[in-house]
1. Per residue and in cubic angstrom, what volume does the convex hull of the Cα atoms of the range B:24-338 have?
2. Can you list the aspartates and glutamates whose alpha carbon is less than 15 Å from that of A:Lys155, not counting same-chain residues fewer than 8 positions off?
3. Based on the Cβ-Cβ distance from A:Arg361 to A:Ile52, what FRET efficiency comes out when R0 is 56 Å, to the nearest 0.05?
4. To the nearest 10 degrees, how steeply does helix B:294-314 sit against the main Cα axis of chain B, on a 0 to 90 scale?
5. Quick one: which residues, 5+ away or cross-chain, put their amide H under 5 Å from the amide H of A:Ile67? H built at 1.01 Å from N.
6. Given the options B:Gly316, B:Ala302, B:Ala346, identify the residue whose Cα lies farthest towards the positive end of the charge dipole of the range B:269-354 (+1 on Cβ of Lys, Arg; -1 on Cβ of Asp, Glu).
7. Return the distance in nm (one decimal) between the two label points of a simple spin-label model at A:Ile371 and A:Glu448, each offset 7 Å from Cα along Cα→Cβ.
8. Take A:Phe415 and A:Arg13, extend 7 Å from each Cα along the Cα→Cβ direction, and tell me the distance between the two endpoints in nm.
Amino acid sequence: MGLRDLFGGKALRRGVHVPDCKDLTGRLPIRRLPFAPMLVVPLSQHAGAPAIPIVREGQEVVRGEPIAKANGFVSVPMHAPATGQIERIAPAPSAKGDLAPAIYLKPWPSASQEILYGAPQDIERMSPAEIIAAVQETGVVGLGGAAFPTHVKLKLPEGRKVDTVLVNGCECEPYLTTDHRVMVEQPKEVLHGARIVMKAIGAGRGIIGVEDNKMDAVEALRTALGAATDIAVEAVPAKYPQGAEKMLIRVLLGREVPSGGLPSDIGVGVFNVATLAQLGELLPRRQGLIERVVTITGPALAKPGNYLTALGTPLRWALEQAGCKEDLASVILGGPMMGPAAGSLEVPVTKGVTGIVAFGRHDVNGRPRRIYPCIRCGACVDACPLHLNPSRLGTLARKERYEEMETDFHLNDCFECGCCSYVCPSNIPLVQYFRVSKQMNRERKARERAGANA
Amino acid sequence: MNVPAPTPEIQLRTSPHFHTSRSVSMIMRNVVYALLPICAFSVWLFGISALASLAAGAASCVLTEYVACRMAGRPASVGDFSAVITGLLLALTLPPGFPLWMTAVGGVIAVGLGKMLFGGLGFNVFNPALVGRAFLQAAFPIAITTYTPAMAVNRFVEFIPATLTLPFTRPPELAEWIQRVRVDAFSSATPLMMQKFDHVTTEVLPLFLGKVAGSAGETSAGLILLCGAYLIVRKFMDWRIPAAMLSSAFLVGAAFHLAAPAQYPNPLFVLFSGGLMLGAMFMATDMVASPVTPLGVWIYGALMGLITVVIRFLGGLPEGVMYAILLGNAVSPMIDNLTQPRIYGARKKEKAKA
C-alpha cells in the first residue's frame, strides 16, 4: 500500500484519456420518459436463464405486477413496466442482433399507472438468506451494463468471506451520466442499498469510488453519509476504464482479481451505484424493477437528457422523445467504448442499458478509416489496463493462431475495454479480432468435446 | 417529429466507436518534420553535395517502394512517408561527398531488401536505412570512409568531386581538392578517427554544435537532441530507447575511461561524437524493429549502447553504432518474448511454470 501511494497514489496507471462528452447531460436532472404505445419486455434481460412468462396473451396487468418468473437461481423475474394489456408473447429484435422471446405489453393511455407494491419489509430484521431471496424477487440485476443478477453475487460459496463492498460510481464511459445523476439525486438510496448488500454479504465496510469529474456527486454522497463511518467516499482521477471492476479494485484496495477469478476470491464485492439505488428504493417496499435511468444522448439529438425509462421502451420511441433531428448513422447501446451498435430501432431498453448514444450521418465517427499494418509502436501495450500485449495478439489473430493467443498471451483475460483499438495509429480493429478469436476458440473446444463424446 | 432512418440503414459497427486522431502517416510525417532541420544543417555545413545526396536517397527509396508495390500488385504505400524517412536517414549517415549513384544503390537496397522483401511497412526486421548503409559499407569501404571537411569554401556552388562520380566507376582522389577548399581549423578527419588513430580527443562543445567532419547529418549532437525532443514531446517517439542507449553508452564509456584514462576518451566525448546521437534518436527508435514491452525497450537500448562503445574501443572500426543497432534489431523479437509483462491478476502457479 505504502509504495503504491508513493508512485502516483490512487490512480489507474494504464488505460486512456478519452473525450468524456458528458457536458451534454451531466447537469440535467432525471426526467421521466412517456410510455411508448407498445412496450417490448424481453424474457432475457440478464445474464443467466431467461425468465418464464406467467401471463397469457390478452391478460390485463397492473404496473409492478410480476409477468415472468425466475427460471432457477441464476435468473430473475420480470415485472410489468406499465398498467395495460398483454398483446402477445413473441420474438422481438434484441441488442445482440437476433430475435429473442419477449412479452408485448400495450399500456392503457387512461390508466393511473400506480405501482403495485408488496407488503413492506424491514431489512433490519431480515437474515442474509432472506435478503438474498428478496433481492431476487425484485428482479434487480447489475445496472452498470453487465446485467448479472445481483442476488447471485450476494450468495457466497461455502467458506468464502467478503470484507469490503466497493460501490462503483466511476462511470468512465464517454457520454454516460446515468450513475452521475443517480448519485446526485438519490444519495440516500445509494447508501441504503449499499448497507443492504453489506449486510447480505457480511462485509464490514463499504467504499464508494467516484471519478473526480463528478465532484458534485461526491459532495452529495458525503452529505448524505453525515457522521457514519461504515462507508467511505473516495474521488479517483478520471481515466478510462476505471469503472471496470478489476481496475477499481486495484485502484482503491491495491488487490488484484486472479486471472479467471471473481472479486469474491479476494474478499471484495463490487456493485454499481444505480443498482444499489434501485435496491435501496425497491427492497423495503417489495417492489419489482420496472424502469431505469438511461442517458439518451449524442450529437444527433436535440433534447439529450437523463430519462427515467420504462423497461421495454423501443429505441425508436426513446430517440423521438429526445428530439432526434437528423438521419441516424449509428445508435450505440451503452457507452461508445464498449457498447454494441443497435441493429434495429425496434430493440427495447432492457435492464442493462445504461445509455443510448445516437450519431448522425454528419458526425465525424461515420467515416471509414484505412487500416495499416501494425508498426509495433507499442501504444496498445502502454494502454492495456491488464498489461496484455495487444500488438502480439493482433498479429497472431491475423495468422489465425487462436489457440496460442489463449495459452501464451492470456486472450481470455481481455474484457474488451477498447483501449487498444482506440489508440492504434494503424486503425487495426484489435478488439474485434479478439472477439472473433475467442469465439473461434469456443467453437474449437465445442468441436473437441463433441469429438470426444462421439 | 420523425425518426427517418429506416432500420437497415443504421450502421452496424463494433465497439469501440471512438478513436484517437493519430495515424501512421501522421507519425511518419512528424518524423520527417523532425529530420528537416538536421538536413538543413547538413546542407549548410557541407553544401550542395549534401543536398544532392539527400535528394538521391529520398528519391531512390520512394521510387523503390513505388515499383515494389506495383510489382506485388498492392496499392502504393508511398503516401505513408516511411520511405522518405528511410531515404533521408540513409543520406544523413553517409559522408557528404558520397557518390550519388552509390547513395541511390543504397536506397534501392534499403527499401527493396530491407523492407519490401519482408512485406513492407510493419514487417521489416531491421531498420531499412541501416540495411542500406551496411550494404554500402561492405560494397564501397573506401568511399564510405572518405570524409571531407565542413565549411569548405565554394560549398554552395561546387560539388565535392566524388559526388558526381559516374555509375560503376571509382571516385577520384580527394586529397588535393581538400587542400584547395579547406578552411583552417577544419579537418577532414572525423573526431572518431582522430580519437581512434591519433588519440586526439575533440572538445565536447564543437561536437555539440557540430562544425566538424563526419557523416552528413550526424555532426551536431545538440541539434539532433533538439529534434528528437520535439518527437518525444509530441509523443511520436519512445523516449525510453534513446535514454537507455545513451545512458548505457555513457556508463560503459565512463567505466573504460576510469580504468584507463590515457587510452580511452571521456564519456561525454563518447556521447556526442560520431553517429551515436542520430542513431539513438532516429534509428534505434524505429518502431517496427524495436521491442514493445516496457522492460524490453530498456534492455534493447542498453544493449545497443554497450555494443557501440565496445566496437569503438575494442574493435577495428572507429564507429560501431550501425552494427549495434542492427544487432539490437536482430535480438528485438527475442527480447520481446523474454520480457512479456506480468499481466493483471497473473496466478502464482503460472509464474512458477514460466
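All of the numbers you see were taken from the coordinates with simple rules; none came from a lab. This is a predicted model, so every value here is computed, not measured. Here the Cβ positions follow ideal geometry from the backbone for every residue, glycine too, while neighbour counts run over all protein chains shown.
1. Expressed per residue, the convex hull around the Cα atoms of the range B:24-338 is 121 Å³.
2. List returned: A:Glu130, A:Glu137, A:Asp163, A:Asp265.
3. 0.85
4. In chain B, helix B:294-314 runs at an angle near 10 degrees to the longest axis.
5. Residues meeting the criterion, in which the H sits 1.01 Å from N, are A:Met78, A:His79, A:Ala80.
6. About the Cα centre, the residue reaching furthest to the positive side is B:Ala346.
7. 2.7
8. With each label placed 7 Å out from Cα toward Cβ, I get 1.8 nm.
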